[in-house]
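The values are calculated or read from the model by the stated rules, or taken from the named source; none is laboratory data. The shown structure was predicted, so the numbers you read here are calculated from the model rather than taken from an experiment. Cβ: placed from backbone, ideal geometry, glycine included. Neighbour counts: every protein chain shown. Side chains included, ligands, DNA and RNA excluded: accessible areas come from the protein's heavy atoms. Shrake-Rupley method; radii C 1.70, N 1.55, O 1.52, S 1.80 Å.
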Amino acid sequence: MATAAPYIQLNKLEVAYNDYVSGLRGVSLEVSRGEFIFLCGQTGSGKSTIIKVLSCQVKPTKGDALIDGRSLASVTPEEVPMLRRKIGIVPQDFGLLPNKKVWENVGYAMRAVGRSKHEVRNEVPAILERVNILHRADAYPNELSGGEQQRVAIARALINNPPLLLADEPTGNLDPGHSDEIINILLDLNSQGTTIVVATHDIMQVERANQRVIQLAGGMIDKGDHDDEILQHMREDPLEFPTEES
Amino acid sequence: MFDRLEFLLNEAFVSLRRNKWITFAAITTSAMALFIIGGFAFAYFGLASFAGTQESKFDINVFARTDASPEQVQALGKRLEKLDGVKAVTFRSKAEVWKAFQKENPEISSGLEIENPMPDTFNITFTDLKKAKDIVAYARKMPEVAPKDGVQYMGDVQALIEQVMSAIRWLGLVLGTVMLATGGILIYNTIRLTMVARKKEMRIMELVGATRQTVWTPLMIEGVAEGVMGALLATAVLWIAHSVVAKLLETSLSVVKVGEFPLAVTAIVLCLSGAAYGLVCSYLAIRERPTEELPR
Ligand SMILES: Nc1ncnc2c1ncn2[C@@H]1O[C@H](COP(=O)(O)OP(=O)(O)OP(=O)(O)O)[C@@H](O)[C@H]1O
Ligand SMILES: [Mg+2]
């Protein structure tokens, strides 16, 4: 499925939040179209920062990030909306509107990107069906379980039918059963061709999914691809992460 | 594109309804600002036109010395007539003036068996008001004219009107500016509050790639709506105030005629100013928002 030219490319990407805090300190990485990757690493290692750069929420301080050949360092604020329509973003806190029903949450996002009421009526059911939440279409977010809310958030990320999906800690607040469900949905979307980048702590899910893993530490890539040693360590002692200079 | 407009308008009116009281405050303060400015404008232009009607009536009285002979008085009249800028000189003898005074003020003059204290009087009207001052000065120096208060110069009334007008101009400007600033800050604040109240919605919009116009337009509509509603309120209050003042003036000073209230013009001018004002204030509020956290 992966084609020759990388879909996502990070070139010595550095992000400095201010003079003292850096989010990333030189990350180089290539992701092919249709790939599924996990960004792993202890807290503060820069997982969310990568997601933020890819979703144009944060600009590279040095180096560059490219999506489909488009440099994100040179993006102007006016260009951001159109770039975002090619990226589905699943925020860690779901970001659902509490006073809107499930279908309205998805519909509202569609209306915001210029779709008509007619389109909302026609397309929302199918989108909800893709993440298996159609039966709860008329519920309000506070009537849903965490896993169900996460599915709505994913559904909303799919409204533009994006070729790339970014999820920050999609299983962060979920119990293992619900986490499985979410990862299955993401795997399913991936099998339909969507490139997926997931930032996570959830070592169980990473292992179970059996996809490419990028291990980050202190804003740098710890080691390429699958690192069994670290996985092993984290599994044995999940609360005591390996130390690193900081 | 009606569908699009519906979405944007709906977004705007949801937030207008949501922070009702702040909206109310913003509308009433803008209304007050526009009312004060409009009210002073009315008073100013009203007085200006009143002063204009006074000018055509503007005249002076020149009193002859009481001991001047009839020939001297006649000569004075001739000389006054020849002055540049004089339109007409009418003569009233001391007897006529006294009679008229007695008739007008019977309570003062009746029973008093005194000698006629009135002087022979010339009433002068002008073709050119700008020359009035020179004519007055000239008349004062003439030997036949009474040495003290020989010229009754109505310029004082004129000067008073001008003073009042400049006071109105200043007061209107100062009060209007203060109220405009207050109204503006309130509109600005409403928009800021809306942005806080709708942080979630705005974040979602930005997350899914809504254009800036989509995110901004409802906020601008909200600001404009507040300005326009303030303007409509101000128009209504001005209308009422105008009719009250008109009635008062017409009953107490029967001479003054107050014109019709120009409802359409007032409403249009105020609404346009209110809309422009709301637009500017909401734009300032929106612009101040840091859209993204930008690391260096
Ligand atoms: N907005 C910000 N301003 C300043 N520093 C920030 C900001 N966001 C992140 N950082 C810093 O950048 C570094 C990387 O943060 P990042 O959020 O990418 O980590 P993370 O791997 O996602 O951590 P977590 O697992 O806790 O989510 C951290 O040291 C963090 O303190
Ligand atoms: Mg994070």
Response to the item:
Taking the range B:189-204 and keeping only residues that are open to solvent by less than 70 Å² (accessible area, probe 1.4 Å) and within 14 Å of chain A (Cβ to nearest Cβ), one is left with B:Ala197, B:Arg198, B:Glu201, B:Met202, B:Ile204
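Criterion first (in a strand (DSSP E or B) and within 18 Å of B:Ala210 (Cα to Cα)) does A:Gly114 satisfy it?
Values: in a strand (DSSP E or B): no; within 18 Å of B:Ala210 (Cα to Cα): yes.
Criteria not met by A:Gly114.
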Worksheet entry | Condition check for A:Gly172: open to solvent by 20 Å² or more (accessible area, probe 1.4 Å), within 16 Å of ligand 2 (Cβ to nearest atom) and in a loop (DSSP other than H, G, I, E, B) | yes
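Here is a yes/no grid of residues against (1) open to solvent by 60 Å² or more (accessible area, probe 1.4 Å); (2) within 14 Å of another protein chain (Cβ to nearest Cβ):
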site: A:Tyr7; (1), (2): no, no
site: A:Ala16; (1), (2): no, yes
site: A:Gly23; (1), (2): no, yes
site: A:Ser28; (1), (2): yes, no
site: A:Arg33; (1), (2): yes, no
site: A:Phe38; (1), (2): no, no
site: A:Gly41; (1), (2): no, no
site: A:Ser45; (1), (2): no, no
Worksheet item: Out of the range A:23-48, which residues are of a type outside the set (Val, Ile, Thr) and within 15 Å of ligand 2 (Cβ to nearest atom)?
Response: A:Gly23, A:Leu24, A:Phe38, A:Leu39, A:Cys40, A:Gly41, A:Gln42, A:Gly44, A:Ser45, A:Gly46, A:Lys47, A:Ser48
Item to complete: Please work out which residue is farthest from the chain's Cα centre (by Cα), limiting yourself to the range A:49-63 and to residues that are within 11 Å of ligand 2 (Cβ to nearest atom) and farther than 20 Å from B:Met205 by Cα.
Response: A:Thr49
Discussion item. Among the numbered criteria (1) open to solvent by 70 Å² or more (accessible area, probe 1.4 Å); (2) more than 16 Å from ligand 2 (Cβ to nearest atom), which one does A:Gln92 miss?
Written reply: (2)
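Can you tell which of B:Ile268, B:Ile240 is modelled with pLDDT of 85 or more and more than 17 Å from the chain's Cα centre (by Cα)? Let's see the steps before the verdict.
Numbers: B:Ile240 fails: more than 17 Å from the chain's Cα centre (by Cα).
The match here is B:Ile268.
Can we say A:Ile185 is among the hydrophobic types (A, V, I, L, M, F, W, C) and open to solvent by less than 10 Å² (accessible area, probe 1.4 Å)?
Working: among the hydrophobic types (A, V, I, L, M, F, W, C): yes; open to solvent by less than 10 Å² (accessible area, probe 1.4 Å): no.
Considered against the rule, which asks whether it is among the hydrophobic types (A, V, I, L, M, F, W, C) and open to solvent by less than 10 Å² (accessible area, probe 1.4 Å), A:Ile185 comes out as no.
Of all residues being part of a loop (DSSP other than H, G, I, E, B) and away from ligand 2 (no atom under 16 Å from the Cβ) in the range A:95-111, which is nearest to the other protein chains (Cβ to nearest Cβ)? Just the residue, please.
Residues of the range A:95-111 part of a loop (DSSP other than H, G, I, E, B): A:95-101.
Next, from what is left, pick out any that are away from ligand 2 (no atom under 16 Å from the Cβ): A:96-101.
Values: A:Leu96: 8, A:Leu97: 6, A:Pro98: 8, A:Asn99: 10, A:Lys100: 9, A:Lys101: 15 Å.
Out of the qualifying residues, it is A:Leu97.
Among the listed residues A:Ser55, A:Ser71, which satisfies the condition of being within 27 Å of B:Trp216 (Cα to Cα), surrounded by 16 or more Cβ atoms within 10 Å (Cβ to Cβ) and either polar (S, T, N, Q) or modelled with pLDDT of 95 or more (or both)?
A:Ser55
Do you know which of the residues in the range A:44-79 that are within 13 Å of ligand 1 (Cβ to nearest atom) and without any contact (Cβ under 8 Å) to a residue 60 or more places away in the chain is nearest to A:Pro91 (Cα to Cα)? Let's see the steps before the verdict.
Kept after step one, since they are within 13 Å of ligand 1 (Cβ to nearest atom), are these residues of the range A:44-79: A:44-55, A:57-59, A:61.
Next cut, without any contact (Cβ under 8 Å) to a residue 60 or more places away in the chain only: A:52-53, A:57-59, A:61.
On the way: A:Lys52: 10, A:Val53: 14, A:Gln57: 12, A:Val58: 15, A:Lys59: 18, A:Thr61: 23 Å.
Across the range A:44-79, the extreme among qualifying residues is A:Lys52.
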Worksheet item: Across the range A:53-79, what is the number of residues that are more than 10 Å from chain B (Cβ to nearest Cβ) and in a loop (DSSP other than H, G, I, E, B)?
Response: 8
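For the range B:117-159, which residues satisfy the criterion of being among the polar types (S, T, N, Q) and modelled with pLDDT of 80 or more? Working first, answer last.
We begin by selecting, within the range B:117-159, every residue among the polar types (S, T, N, Q); these are B:121, B:123, B:125, B:127, B:152, B:158.
Scanning the range B:117-159 gives B:Thr121, B:Asn123, B:Thr125.
Within the range A:80-108, take every residue that is of a type in the set (Gly, Ala, Ser) and under 17 Å from the mean Cα position of the chain (by Cα) and give me the one that is farthest from ligand 1 (Cβ to nearest atom).
Our first condition is that a residue be of a type in the set (Gly, Ala, Ser); within the range A:80-108, this holds for A:88, A:95, A:107.
Still in the list and also under 17 Å from the mean Cα position of the chain (by Cα): A:88, A:95.
On the way: A:Gly88: 19, A:Gly95: 16 Å.
Per the stated criteria, the residue is A:Gly88.
Looking at the structure I just gave you, is A:Glu119 part of a helix (DSSP H, G or I) and either under 22 Å from A:Val197 (Cβ atoms) or within 14 Å of chain B (Cβ to nearest Cβ) (or both)? Reasoning before the result, please.
Details: part of a helix (DSSP H, G or I): yes; either under 22 Å from A:Val197 (Cβ atoms) or within 14 Å of chain B (Cβ to nearest Cβ) (or both): yes.
In short, yes.
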Item to complete: Would you point out the residue of the range B:183-234, among those that are of a type in the set (Gly, Ala, Ser) and part of a loop (DSSP other than H, G, I, E, B), that is farthest from B:Phe261 (Cα to Cα)?
Response: B:Gly209
Item to complete: Could you list, in sequence order, all residues of the range A:80-89 that are more than 7 Å from chain B (Cβ to nearest Cβ) and either in contact (Cβ under 8 Å) with a residue 40 or more places away in the chain or within 16 Å of ligand 2 (Cβ to nearest atom) (or both)?
Response: A:Lys86, A:Ile87, A:Gly88
